[in-house]
Ligand code: AMP
Ligand code: MG
């Protein structure tokens, strides 16, 4: 076996992006589209608002009617009808006239402003004719949102490759996208290995621990718009591992194996991949944690071998697997959002390896983003990880000092 050199994180990402294939698209109901990637451009199919719309309950009036009236600006106008939301007033408002109007209703022709109800007094004559005293003059367009002011027909609202989030649903609905075209979900198989691993519903016996990785990966992967199949735990047994790998890749696009990627006597992930003649693109990254991360392909299916330690698994998932899953869905942004924060305490870098360490970022009383690394916690490191909301970058062979401005990746 040839000695494999450590490759840089950026090189690993380049290889992953180059080797992942793009999935086709499908049309789904809007309500199921959150966290999927748009496979079409979204256009406004109508003006919003579709007509000059009143922002107030009140009276649609003509500003000119205030022109030559008393010094307090009030005027008495004849109420000739009503414009309600969904049922506008179709005649023209002429000089000396007003129309009672509701919020969201169409401003009738002839009127150019709306005075709010609180500044008007309406009364009926004995003959049943309504008049309104408008107590304060208006300016043109007052309390009116003009037709197309929010968006005009034909304008692009969202682009292909954008991630659909919950805030976008109202816009999609407003332009009639009851169904929306998105990229298909990558089908991801999850395989935990290790003779010490038992199901989370079991009481571990001596030498055993529960399988936290499979469910963690399932949740991460599904949040990324993919669908998952969690396979039974495989003990450190190369022939069983090989047959599970072959079985898994029949029905998935991506296989994630947890554990068994290092150089121990019972680490069989790489030997199994080799015996199956998988193409291994890299198996060592200059990264801490996550050095023994493996990226391979077998029968055109993508295989990740991630370290079994839950924090290493989470970090390598966020840096590499997440990017691959988003790339397969043709997402515009495949990597975690970057940011900067002020470090609260020193962090030692690792020799020859860049670090991405779980950290907690928050805004302090002065409005600064400040960062606390979670590596120094006395609790078990995956318990500390549960508080993490970002990863902090520590360049190889460097130490970061308190007060340094550091690069972070927000976990999402
Ligand atoms: P490995 O990568 O197989 O050498 O495992 C590294 C560490 O992670 C060991 O302490 C394992 O017990 C632990 N580990 C491996 N797989 C899992 C898992 N599925 N859930 C929780 N811990 C695990
Ligand atoms: Mg193991």
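Quick note: the coordinates plus some simple rules give every number you see, no bench work behind them. What you see is a predicted model; the values in this text were computed from it and never measured. Cβ coordinates were reconstructed from backbone atoms using ideal geometry, including for glycine residues, and neighbour counts include every protein chain displayed.
Starting from the Cα-Cα distance between residue 150 and residue 35, subtract it from 0.36 nm times their residue separation and give me the gain in nm to one decimal. Present the calculation step by step, with values, prior to reporting the outcome.
Numbers: separation 115, 0.36 × 115 = 41.40 nm, distance 2.56 nm.
Here the segment from residue 150 to residue 35 would lengthen by 38.8 nm.
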Grab the Cα-Cα distance for residue 17 and residue 333, subtract it from 0.36 nm times how many residues apart they are, and report the gain in nm with one decimal. 112.6 nm
CD proxy at 222 nm, helix term only [per DSSP H run n ≥ 4: -39500 (n - 2.57); per residue of the chain; nearest 500]: -4500 deg cm²/dmol
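Using DSSP, restrict attention to beta bridges with both residues in segment 253-412 and report what percent are antiparallel, rounded to the nearest 5.
In segment 253-412, DSSP labels about 75 percent of beta bridges as antiparallel.
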Given the options 239, 25, 373, state which has the largest fluctuation in a GNM of the chain using a 10 Å cut-off (strictly under) for Cα springs. 239
Determine which residues of segment 217-233 fall in the zone a paramagnetic label at residue 251 would reach in this model, i.e. backbone nitrogen under 16 Å from the point 7 Å along Cα→Cβ. 227-233
What is the spin-label model distance, in nm, from residue 55 to residue 203 if the labels are put 7 Å beyond Cα along the C-beta direction? 6.6
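Among DSSP beta bridges lying fully in the chain, give the percent that are antiparallel, nearest 5. Spell out each step's value before the answer.
Details: 59 of 85 bridges.
The antiparallel fraction comes to roughly 70 percent.
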By average C-beta atoms within 10 angstrom, highest first, the peptides 39-49, 220-230: 220-230, 39-49
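Test of understanding: express the Cα radius of gyration of the chain as a ratio to 2.2 N^0.38 Å, with N the residue count. Provide the component values of the computation, followed by the final result.
Values: Rg = 31.4 Å, N = 412, 2.2 N^0.38 = 21.7 Å.
For the chain, the normalised Cα radius of gyration comes out at 1.45.
Would you order 355, 258 from fewest to most other beta-carbon atoms within 10 Å of each residue's own beta-carbon?
Details: 355 24, 258 30.
Fewest-to-most Cβ neighbours within 10 Å comes out as 355, 258.
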Can you tell me the 0 to 90 degree angle between the C-alpha axis of helix 9-19 and the longest principal axis of the chain, rounded to 10? 80
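Give me Rg/Rg_expected for segment 338-410, where Rg uses Cα atoms only and Rg_expected = 2.2 N^0.38 Å with N residues.
On the way: Rg = 11.6 Å, N = 73, 2.2 N^0.38 = 11.2 Å.
My calculation over the Cα atoms of segment 338-410 gives 1.03.
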Report, in degrees rounded to the nearest 10, the 0 to 90 angle that the Cα long axis of helix 212-223 makes with the longest principal axis of the chain. 30
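Assuming R0 = 22 Å, can you tell me the calculated FRET efficiency for the pair residue 340 and residue 399, based on Cβ-Cβ distance, to the nearest 0.05?
Numbers: r = 18 Å, r/R0 = 0.82.
That gives a FRET efficiency of 0.75.
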Please give the helix 238-251 orientation as an angle from the longest Cα principal axis of the chain, in degrees from 0 to 90, rounded to the nearest 10. 30
Virtual spin-label span in nm between residue 122 and residue 87, 7 Å along Cα→Cβ: 1.4
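Can you sort 392, 129 from fewest to most other Cβ atoms within 10 Å of each residue's own Cβ?
Working: 392 25, 129 11.
Final ranking by Cβ density, sparse to dense: 129, 392.
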